[in-house]
Amino acid sequence: MATVAHNTVFDPGRHFIAGDWRAADGASFESHNPARTRELLGVYPAGTSADVDAAVAAAREAFPNWRRTSRVKRGDLFDNLAQLIKRDVDELATVLARESGKLLDEARAEVIEGLHMVQYVFGTARQPYGQVIASEIEAKDLYERRKPRGVVAVITPWNFPFAVPLWMLAPSLLEGNTTVFKPSEETPEIGQRLVALFAEAGFPAGTINLIHGDGLGVGEPLARHPDVDVVAFTGSYEVGAKIRRWAAESDHKTCACEMGSKSAVIVCEDADLELAASAALLSAFKTAGQRCVSAGRVLVHRSKLGAFVERFVPRAEQVRFGDPFDRQSFAGPLINAAAVEKVTAYNELARREGAQVLLEGKRLGDTLADGYFMSPCVYLQEHRPGVRTIREEVFGPHLAIIPFDNDDEAIAIYNDTPYGLSMAVITEDYRRWRLYRDECDYGMGYVNLPCIGAEVHLPFGGVKRSGNGQPSAAALVDAVTHRTAFTVNHDRTIRMAQGMKAE
Ligand code: NAD
């Protein structure tokens, strides 16, 4: 259970640069509780490009010593961090729920997910970080060794403000990189608490730096900074696309971008419809549809459409979008007023695009203390060219039910969006799920499950507009290290490969 009061204002926020906490010396910004929109949560310094310069310089200065530190000793600090997260789970979950509007139990699950990432990274510290390979010359040994790339900028979204930063910070630091972290301006407190735990765990000054602020003031100067080697970004496609371009313009910078989606649950002809309805409900409306992997679409075999709708719609109607600390709630609010406007606009667009509306999505007003709550919008829509609401990410409780006539058509409909992040197929037929597994565009696939619910020791990343092929979590190691080849000659003369003469 939560151990902190729900109504206190957090202490004034600070940047963390070279091991020092720095208060605002200029503009600041406020953070509010999305479930109670008039409630102030805290005030944070609005970083500038000068702050970014200082943080990147601190990370650069710390890099040589950190890289030289034994990998096992770097790993031991993650063991310390894991103990601290365990100590503070309840408090962290409460902060996260107040800031993001996630239900307390979901917030707790996110803290545990972050803990799992830290434990995973601790475990990998004693694992090999390269390999020995035979040479065609007997006297030579060939090695492949992963080396850290340098300074990693970590820019993260509000909807997973504890786990996603850890997916990126933890592998980066274990591999010997140093980091500059910019949390979302919607969830600055949980980002700051995380960095405070890194400091308490004993990570040396400069290895992890934190700058608060928005995308233009901090995110952009950080992503474009010439002394940043890798940008690890999670957020919207619009921002990720810019980060990819900036990295491409640089001579040395690489990036790992995890972006939006239009994920889907596919309910086949032979599906267990009870399971299908539960999977669809969790996929579409948990976290009020604000997971990157939230389903914006349920594709249903036409022969099962009526039976599915009969099971699904009454449940969706009863789903309670309420206070994150109320155990009866299924999901909380949207994050801010802009999100309410965006979802409302897509709900209206669905009608204009000819949807048959089954549940009207509405702003839930006064009774919920003016939080950004919305009820789910559910509609039937035929798949056809040009329908935006079945192709674009809405990021809210907005769900299209799309009929299909056979598996090939379902696969074509599933793939007909610019995204490819998560896909769940509901079927009892092992031949059928194999077809979907192989033909659909996604990074995370599920069978007889919702399309949400990843675990950290798997890669997490999509294709097309959902990701640039550098998955996060366990797989981030590939983005934050360079695979070097190293050859040692044990003879007294030089012999070249491929028969080349050395005389
Ligand atoms: P967002 O893109 O608005 O913001 C993400 C981060 O980028 C924030 O820290 C923000 O301040 C920063 N930013 C904004 N403009 C920037 C700029 N010009 N340059 C550099 N940084 C900038 O996203 P959001 O609203 O916080 O999160 C929701 C989005 O994130 C959704 O599209 C969701 O699908 C996606 N998401 C994806 C994953 C994934 O793993 N694929 C996970 C979580 C969320």
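Any read-out appearing in this document is the output of simple, stated calculations on the displayed coordinates, not a laboratory observation. These numbers were taken from a predicted model, which means no experiment stands behind them. Neighbour counts run over all protein chains shown; Cβ positions are idealised from the backbone, glycine included.
Among the listed pairs LYS102/LYS304; LYS140/LYS501; LYS362/LYS464, which are separated by more than 23 Å between their Cα atoms?
From the list (LYS102/LYS304; LYS140/LYS501; LYS362/LYS464), the Cα-Cα distance tops 23 Å for LYS102/LYS304; LYS362/LYS464.
Show that you can apply the helix-only estimate: for the chain, add -39,500 (n - 2.57) for every DSSP H stretch of four or more residues, divide by all residues, and state [θ] at 222 nm to the nearest 500.
My calculation for the chain gives -11500 deg cm²/dmol from helical runs alone.
For PHE404, which sequence-distant residues (separation of 5 or more, or a different chain) have an amide H within less than 5 Å of its own amide H, given hydrogens modelled in the peptide plane?
Placed amide hydrogens put VAL300, HIS301, ARG302 under 5 Å from PHE404.
What FRET efficiency would be calculated for the residue pair GLN318, ASP214, taking the C-beta separation as r and a Förster radius of 35 Å, to the nearest 0.05?
0.40
Between segment 76-115 and segment 339-363, what's the alpha-carbon centroid distance in Å?
Between the Cα centres of segment 76-115 and segment 339-363 lies a distance of 34 Å.
Compute and list, largest first, the equivalent-ellipsoid semi-axes of the chain from the alpha carbon gyration tensor, each √(5λ) rounded to a whole angstrom.
In descending order, the three semi-axes are 40, 31, 19 Å.
What FRET efficiency comes out for the pair PHE325/ASP11, r = Cβ-Cβ distance, R0 = 30 Å, nearest 0.05?
Taking R0 as 30 Å, the efficiency between PHE325 and ASP11 is 0.90.
Could you derive backbone 3J(HN,Hα) for segment 307-321 from the dihedral phi with the Karplus parameters 6.51, -1.76 and 1.60 (θ = phi - 60°), listing whole Hz in sequence and x where the residue is Gly or Pro?
Going residue by residue, I get 5, 5, 4, 4, 7, 7, 5, x, 5, 4, 5, 8, 4, 9, 9 Hz, with x marking Gly and Pro.
Tabulate in residue order the Karplus-calculated ³J(HN,Hα) for segment 111-126, using 6.51 cos²θ - 1.76 cosθ + 1.60 with θ = phi - 60°, rounded to whole Hz; enter x for Gly and Pro.
Using θ = phi - 60°, the values come out as 4, 5, 4, x, 4, 4, 4, 5, 5, 4, 5, 4, x, 7, 4, 9 Hz.
For GLN498 and GLU341, compute 0.36 nm times the residue count separating them, minus their Cα-Cα distance, and round to one decimal in nm.
Net length gain for the segment: 50.1 nm.
Plugging the Kirkwood radius over Cα pairs into Stokes-Einstein for segment 352-503, at a temperature of 4 °C and a viscosity of 1.567 mPa s, what D comes out in µm²/s?
Roughly 65 µm²/s, to the nearest whole number.
Non-local amide H neighbours of ALA295 (under 5 Å, H modeled in plane, Pro and chain starts lacking H): which ones?
Correct list: ALA284.
ASN406 to LEU305: extension gain in nm, 0.36 nm per residue of separation minus the Cα-Cα distance?
In short, 35.1 nm is gained.
Can you spot the aspartates and glutamates whose alpha carbon is less than 18 Å from LYS73's alpha carbon? Ignore those fewer than 8 places along the same chain.
Partners found: GLU175, GLU200.
With +1 on each Lys and Arg Cβ and -1 on each Asp and Glu Cβ, and nothing else charged, work out how big the dipole of the chain is about its Cα centre, in Debye to the nearest 20.
Magnitude of the dipole: close to 860 debye.
Once phi is turned into ³J(HN,Hα) by the Karplus curve 6.51 cos²θ - 1.76 cosθ + 1.60 with θ = phi - 60°, what whole-Hz value does each residue of segment 483-494 show in order, with x for glycine and proline?
Result, rounded to whole Hz: 7, 9, 9, 9, 10, 10, 9, 9, 9, 9, 10, 9.
So what's the gap between the Cα centers of segment 398-442 and segment 214-291, to the nearest angstrom?
Going from one Cα centre to the other spans 20 Å.
Given the options VAL152, LEU40, GLN127, identify the residue whose Cα lies farthest towards the positive end of the charge dipole of the chain (+1 on Cβ of Lys, Arg; -1 on Cβ of Asp, Glu).
Most positive-ward Cα: GLN127.
Of ALA355, SER329, GLY396, which is farthest towards the positive pole of segment 263-447's charge dipole, taken about the Cα centre with +1 and -1 on the beta-carbons of Lys, Arg and Asp, Glu respectively?
Looking along the dipole axis, the top candidate is SER329.
Extension gain THR487-ASP90, at 0.36 nm per residue separation less the Cα-Cα distance, in nm?
137.9 nm
Which one of ALA345, THR427, GLY365 has its Cα pushed farthest toward the positive end of the charge dipole of segment 263-447, where Lys and Arg give +1 and Asp and Glu give -1 at the Cβ?
Farthest towards the positive pole: GLY365.
Given labels modelled 7 Å from the Cα in the Cβ direction, how far is it in nm from TYR430 to GLU200?
Label at TYR430, label at GLU200, 4.9 nm between them.
What is the dipole size for segment 263-447, taken about its Cα centre, with +1 at each Lys and Arg Cβ and -1 at each Asp and Glu Cβ, in debye to the nearest 20?
320
Normalising by the residue count of the chain, find the relative contact order in percent from Cα pairs under 8 Å and 6+ residues apart.
Reported relative contact order: 18 percent.
Express the Stokes-Einstein translational diffusion coefficient of segment 263-447 in µm² s⁻¹, to the nearest whole number, given a Kirkwood radius over alpha-carbon pairs, 25 °C and a viscosity of 0.890 mPa s.
149
What three numbers, in Å, describe the spread of the alpha carbons of segment 209-249 along their principal axes, ordered from the longest?
24, 23, 15
Around ASP478, under 12 Å between beta carbons, what's the net of Lys plus Arg minus Asp minus Glu among the other residues?
That works out to +2.
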